[in-house]
Amino acid sequence: MRIDRPAARPDDIRRHNLAVILAQIHRDGPLTRAELTARLGLSRSTIGALVADLTALGFVEESVPNGGERAGRPSHVVGPHAGGPFVIAVDVDVSHLTAAAVGVGGTTLAKRVVPHEACPPTPAQVARQIFATVASLRAELGRSDDTIGPAAIGISVPGTVDRRNGAVGFAPNLGWRHAEFGGLLDDIAVPVVVGNDADLAVLAEHQRGSGRGCDDVVYLIGRVGVGAGIIANGSPLRGHDGQAGEIGHNVVDASGPPCHCGKRGCLETFIGDNALLELVGRGGLARDGAAQEVFADARSGQEQALSAVRVVAESLGQALGVIVNTLNPQRVILGGSLADVLDIARDVVEQSLDRHALDAPGRTVQLSLPSLGEDSALLGAAEVAFAAVLDDPLGDRVLLPR
Ligand SMILES: [Zn+2]
């Protein structure tokens, strides 16, 4: 009789169990050996051996909690090793990029914001900036040696991305079309993963933020552009070509203002930063911080700014009605400038949503602020960079600290 699936070899089982333990510590933070034993249903000695492997690989470190002696032998606490393998995450925005070195457990070890050479920048300019920033982050961490570089690099881009090769299909606010962006980073010599900003933001918020524990969650990000990252039934909803969620370019009013994408009256021309700036008479080329100035004015009670935010809030509620009716999410997280719109004019957003969504899904949805703040997409980029490492902690991609 032919056996189609060979039995798992001890080495495969070990790899699998190492990956399971590492994923739990990465997601949940420090856990005691007793907790790991209970979670995995393995013997204490097996857990001890696996933890010893992960410690030798540099991923985790153990400590003994204080004051445990009285209650008998204390269970060792296994937590992420701050000096262990790390990844570099990059969030590319229209005027600047943010880059961070992120360790196991999602801890940001070092971070910097770098303005682009030109606004918007070319793919080649961004690639050059990433090379320089990776080098400076490594120097800051004291890990410039080739043997202790990042395990992988994750990059968030405000546009549609081909996940197979990192090519950016269309990033209207960067002015990129069919840009072979991922290929420009081949010389980096570690795996590079490029993703869409909203897709990565929802991943991070689902893993360790406002979307934790929700199987159906949408992250609607609004900066200059607007897009949605969607988790449905606990999994990312990507669509046939990986471009699901581009709702910023749903036409709301075909006679509306022109959009970067070439159409008129797209949603982002009603709720993106430029729409807000037009409403307060500060339109033109959106510069860094301009929308934040309007929000500050609105918070201090300035009439014109407040009324502009409320106009955007009304359109935002209408857009949320479409999302809620289509996807029936448990929670919608509003990021970027839309977080400020919700914070300042939640009443307007909710009343508008009530008018535009069906009763049942509209009543149950919760509107939340991102608990990772401005860093959702950045930390999502770190998560996709970590994915390969977490899948196989013994893989040769991991460059160990000495
Ligand atoms: Zn458009």
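The values are calculated or read from the model by the stated rules, or taken from the named source; none is laboratory data. Here the structure is a predicted model, which means the values were calculated and not measured. Don't worry about glycine lacking a Cβ; one is built from the backbone with ideal geometry, like all the others, and counts go over all protein chains shown.
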Report summary line: Across (1) more than 27 Å from residue 118 (Cβ to Cβ); (2) within 16 Å of the ligand (Cβ to nearest atom); (3) in contact (Cβ under 8 Å) with a residue 40 or more places away in the chain; (4) of a type in the set (A, V, I, L, M, F, W, C), residue 271 clears everything bar (1)
Report task. Residue by residue through region 126-142, note down the ones that are under 14 Å from residue 174 (Cα atoms) and either loosely packed, with under 14 Cβ neighbours inside 10 Å or in contact with a strand residue (DSSP E or B) (Cβ under 7 Å, 6 or more places away or on another chain) (or both). Result -> 126
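Residue-by-condition table, conditions (1) at pLDDT 95 or above; (2) under 22 Å from the mean Cα position of the chain (by Cα):
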position	(1), (2)
380	yes, yes
386	no, yes
391	no, yes
402	no, no
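Which one of 333, 344 is surrounded by fewer than 22 Cβ atoms within 10 Å (Cβ to Cβ), β-branched (Val, Ile, Thr) and in contact with a helix residue (DSSP H, G or I) (Cβ under 8 Å, 6 or more places away or on another chain)?
After ruling out the rest, the residue left standing is 344.
Conditions tested, residue by residue: (1) small (Gly, Ala, Ser); (2) at pLDDT 95 or above; (3) within 14 Å of the ligand (Cβ to nearest atom); (4) not in a strand (DSSP E or B).
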| site | (1), (2), (3), (4) |
| --- | --- |
| 261 | no, no, yes, yes |
| 286 | yes, no, no, yes |
| 291 | yes, no, no, yes |
| 296 | yes, yes, no, yes |
Query - Hits in region 221-244 - residues which are assigned to a loop (DSSP other than H, G, I, E, B) and out of contact with any Pro (no Cβ under 6 Å at 6 or more places or on another chain) - result: 223, 224, 233, 234, 237, 238, 239, 240, 241, 242, 243, 244
Query raised in the report: Does region 347-356 hold any residues that are over 27 Å from the mean Cα position of the chain (by Cα) and either surrounded by 14 or more Cβ atoms within 10 Å (Cβ to Cβ) or over 17 Å from residue 298 (Cβ atoms) (or both), and which are they?
Result: 348, 351, 352, 354, 355, 356
Query - Subset of region 245-259 that is assigned to a loop (DSSP other than H, G, I, E, B) and touching a residue at least 60 places away in the same chain (Cβ under 8 Å) - its residue that is nearest to the ligand (Cβ to nearest atom) - result: 259
Query raised in the report: Which one of 104, 51, 20 is of a type in the set (Val, Ile, Thr) and in contact with a Pro (Cβ under 6 Å, 6 or more places away or on another chain)?
Result: 104
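Conditions (1) farther than 20 Å from residue 382 by Cβ; (2) crowded, with 23+ Cβ neighbours inside 10 Å, marked per residue:
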position	(1), (2)
207	no, no
217	no, yes
220	yes, yes
225	yes, yes
235	no, no
239	yes, no
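Conditions (1) modelled with pLDDT of 95 or more; (2) outside any strand (DSSP E or B), marked per residue:
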site: 74; (1), (2): no, yes
site: 82; (1), (2): no, yes
site: 87; (1), (2): no, no
site: 100; (1), (2): yes, no
site: 106; (1), (2): no, yes
site: 109; (1), (2): no, no
site: 118; (1), (2): no, yes
site: 121; (1), (2): no, yes
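Yes or no, residue by residue, for (1) more than 16 Å from the ligand (Cβ to nearest atom); (2) modelled with pLDDT of 95 or more; (3) not in a loop (DSSP other than H, G, I, E, B):
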| position | (1), (2), (3) |
| --- | --- |
| 307 | yes, yes, yes |
| 329 | yes, yes, no |
| 353 | yes, yes, yes |
| 362 | yes, no, yes |
